[in-house]
Amino acid sequence: MNVEKAIEKRFSCRHFSDGKIPDEEIMNIMNAARLAPSAHNRQNWAFMILKGDEKEHLSRIMLSLFDGDYSHFPSFCKTSKVSAKVIENASHAILCLRKKDAMWNTEDLLSIGAAIENMLLEATEKGFAALWIRDTFYTEDKIKKAFHIEEYDLVSVVALGYPAREERQKPKKGINEILINEGFKKKNTM
């Protein structure tokens, strides 16, 4: 599969089958993350691969957010329940971490985003599916403590597995909706 096809085929998977991705394939996905561009080539990222009990523990921590009264939380944080279940059903979950450095916050986050996108495209190319998750934000401190990674910021989690069903990418804005300079707008929309 070429890069263009992988970009077109990639989708956010929320339904995984019971299949387990072999560890060597997970390492190929991690290698794709490692090769991403980073600001000033800092490569200020770290990753933790979770499977089995560790992955389920992550899911339980996320669900613990709802153990008490959560009516004061914004309504959008309730998606954490869905994300926790996705993680639970995935083959693997990858914690995407950033070494703390206040001077390089934006640059590091952009770099880690590039690494994550490389992971998603490599997974797609190999026939796997993934979901890029940020719902860990609400329980970040508990997660970092549980996995002994307090020296990092938890940027995101990537859930990986085999898709349970055929899915497609959700509709995206047309090219003319995202370009603001008229000279590059196309008469035929993509």
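To keep it simple, each residue is scored yes or no on (1) closer than 18 Å to Lys9 by Cα; (2) in contact (Cβ under 8 Å) with a residue 60 or more places away in the chain.
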{"site": "Lys100", "(1), (2)": "no, no"}
{"site": "Asn105", "(1), (2)": "no, no"}
{"site": "Ile112", "(1), (2)": "no, yes"}
{"site": "Ile143", "(1), (2)": "no, yes"}
{"site": "Ala146", "(1), (2)": "no, yes"}
{"site": "Ser156", "(1), (2)": "no, yes"}
{"site": "Gly161", "(1), (2)": "yes, yes"}
{"site": "Lys173", "(1), (2)": "yes, no"}
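Name the residues in the stretch 114-140 that are part of a loop (DSSP other than H, G, I, E, B) and either without any contact (Cβ under 8 Å) to a residue 40 or more places away in the chain or at positive phi (or both), would you?
Selection gives Gly127, Arg134.
Conditions (1) at pLDDT below 95; (2) in contact with a helix residue (DSSP H, G or I) (Cβ under 8 Å, 6 or more places away or on another chain); (3) in a helix (DSSP H, G or I), marked per residue:
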{"residue": "Glu8", "(1), (2), (3)": "yes, no, yes"}
{"residue": "Glu25", "(1), (2), (3)": "no, no, yes"}
{"residue": "Asn28", "(1), (2), (3)": "no, yes, yes"}
{"residue": "Ser59", "(1), (2), (3)": "no, yes, yes"}
{"residue": "Gly68", "(1), (2), (3)": "yes, no, no"}
{"residue": "Glu88", "(1), (2), (3)": "no, yes, yes"}
{"residue": "Ala93", "(1), (2), (3)": "no, yes, no"}
{"residue": "Trp104", "(1), (2), (3)": "yes, yes, yes"}
{"residue": "Ile112", "(1), (2), (3)": "no, no, yes"}
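Restricting to the stretch 97-125, name every residue that is open to solvent by 60 Å² or more (accessible area, probe 1.4 Å) and among the β-branched types (Val, Ile, Thr).
The one that is open to solvent by 60 Å² or more (accessible area, probe 1.4 Å) and among the β-branched types (Val, Ile, Thr): Thr106.
Among the listed residues Ile149, Ile143, identify the single one that is in contact with a strand residue (DSSP E or B) (Cβ under 7 Å, 6 or more places away or on another chain) and in a loop (DSSP other than H, G, I, E, B).
Ile149
Filtering the stretch 70-82 down to residues that are in contact (Cβ under 8 Å) with a residue 60 or more places away in the chain and assigned to a helix (DSSP H, G or I), which residue is farthest from Pro163 (Cα to Cα)?
Cys77
The values are calculated or read from the model by the stated rules, or taken from the named source; none is laboratory data. All values derive from a computational prediction rather than experimental measurement. Because the Cβ atoms are built from the backbone with ideal geometry, glycine has one as well, and the counts that use them run over all protein chains shown. Just the protein is used for accessible areas: all its heavy atoms, side chains included, with ligands, DNA and RNA removed. Shrake-Rupley method; radii C 1.70, N 1.55, O 1.52, S 1.80 Å.
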